[in-house]
Every structure is written in C-alpha cells, then in structure tokens.
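Undergrad: Just passing along the structure, written as structure tokens.
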Amino acid sequence: MSPRSASVNEELRRRSRERLLQATVDLVAERGYEATTLGDIAERAGTARGLVSYYFPGKRQLLQSAVHRLMHRTLAAALEREPRTEDGRERLARAIDAVLGLAVEQPVLMRTHMAGILQAEGFVQCEDQQRLAALLRDTMERYGSHDVDTDYPLLRALLMGAVFAVLLPGAPMPFALLRAELFQRYGLEWERGFPPGGGPGGRPPGGTPV
C-alpha cells in the first residue's frame, strides 16, 4: 500500500481539527466550560486525545478558536445570504445582526468566550480569528469607511460591548435596544439586515448551521 500524499495528509489534519472545533462548540454550549474536558471533546470528535494537544496548547485556546470559527462562519453565511448584495450598508446591518444574534442564541458559549478574552492572554491570534477580522474589515470598507484601520477596531469594540450587554448576568439589555443603538450609530435603517419580529430579513441568524 503506497503512503498517503502530503495533500491527503493535510486534508485529514484539517478534518480532524474541524471536528475538534465543532465538538468544543457543541459540548461547551451543552455543559458549560468547566464541565467539559479535553477528553470529552476528543471523544465527541471521534479523535485521539493526543490530537487535541497537537493542535491546541490548552482548553482555553481551543475554545477561543472554536468560537471564532463559529463567528466567522455565521458572519459569512449572513453576508452571503440570499438575496446576495454588494450594498455596504446592508452588509454592515447583516454583520451587526449576525454577531448580536450569536449572543442571543448561544449565551453560554458566548459568555464563556467573553470571560476568556478578558483574561491575561486576550485574543488568541488563530486563523479563525484572522478570518473573522478580515470579514469585518471588508464590511467596513464596503460600508464606505475612509479610515478602516480606525473604524474596524471601533466596530469590533462596539460589537463586543453590545454582546457583553446582552449577556450581562442579572441585568441583560434587550437585543432590539442594542440593535437600534448600533443602527443609529451607523445610520442604518431598521428594516435592513435581519430585524427582530419579522421584516425583510427575518430573525437574527445566530443559529446558522456550521
């Protein structure tokens, strides 16, 4: 039997990593962060326990990569949802709704993620985070920003603040109010994107399959 080619090995590694990331999202959403072990994740993914450490230095880094992957895929699906559009204002509205929608539909996962990035290590600079950043930067460019290096970090900060407000234990702020504030900040009409309670786009796409 001839040895596998480099491209086949690379594809197998990619699939293993994808299964680990998806298993992390599923288990943390179901059980919480503390109750989920790396062994649980490997078992759910159908991979050897040693592969988790091969790809990720620890559980916190694995979770951040998994959530960034979920956010990137959810955002990409929202931006490319039919009817597809190149309208920068519509794309920004969809981006806002996609990120806030995840906070509404995946509160345990997103609350754990927010707690993690507030710790000393901050953001994990992984491929999934870079893909998410690239999509948000592109959204600001299409919106018409003349200074993306300033406007992209501001958008990211505003979205993080809104997500935190949705998830704040004991005193969460309503999705619709936070959405209205962000839409007003960027001069977006309420009916753009995925307005809650119906409308042209329907509900927030936080539950988009990945």
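Values in this text are rule-based calculations from the coordinates and carry no lab data. Quick caveat, the model's predicted, so the values are computed rather than measured. Virtual Cβ from ideal backbone geometry, glycine too; neighbours counted across all protein chains shown.
Undergrad: Taking Rh as the Kirkwood radius computed over C-alpha pairs, what is the Stokes-Einstein D of segment 133-173 at 20 °C in a medium of viscosity 1.002 mPa s, expressed in µm² per second?
TA: On the way: Rh = 11.1 Å.
After rounding, the answer is 193 µm²/s.
Undergrad: Right, here's the next one. At q = 0.23, 0.26 Å⁻¹, what log₁₀ I(q)/I(0) does a Debye calculation on the Cα points of segment 1-55 give, no solvent, two decimals?
TA: For segment 1-55, the Cα-only Debye profile gives -0.83, -0.97.
Undergrad: Calculate, in nm to one decimal, what R49 and V148 gain on full extension: separation in residues at 0.36 nm each, minus their alpha carbon distance.
TA: Numbers: separation 99, 0.36 × 99 = 35.64 nm, distance 4.16 nm.
So the extension gain works out to 31.5 nm.
Undergrad: Taking the Cα-to-Cβ direction at L38 and at L168 and moving 7 Å from each Cα, how far apart do the two end points lie in nm?
TA: 3.6 nm
Undergrad: At 7 Å along Cα-to-Cβ for each site, give me the label-to-label distance between R14 and E82 in nm.
TA: Simple spin-label model gives 2.6 nm for this pair.
Undergrad: Right, here's the next one. Given the -39500 (n - 2.57) contribution per DSSP H run of 4+ residues, what per-residue ellipticity at 222 nm results for the chain, rounded to the nearest 500 deg cm²/dmol? Kindly include the intermediate steps, with their values, before the conclusion.
TA: Numbers: 9 runs with 139 residues, N = 210.
That calculation yields -22000 deg cm²/dmol at 222 nm.
Undergrad: Restricting the calculation to Cα positions, tell me the Rg (one decimal) and the Dmax (whole number) of the chain in Å.
TA: 18.1, 63
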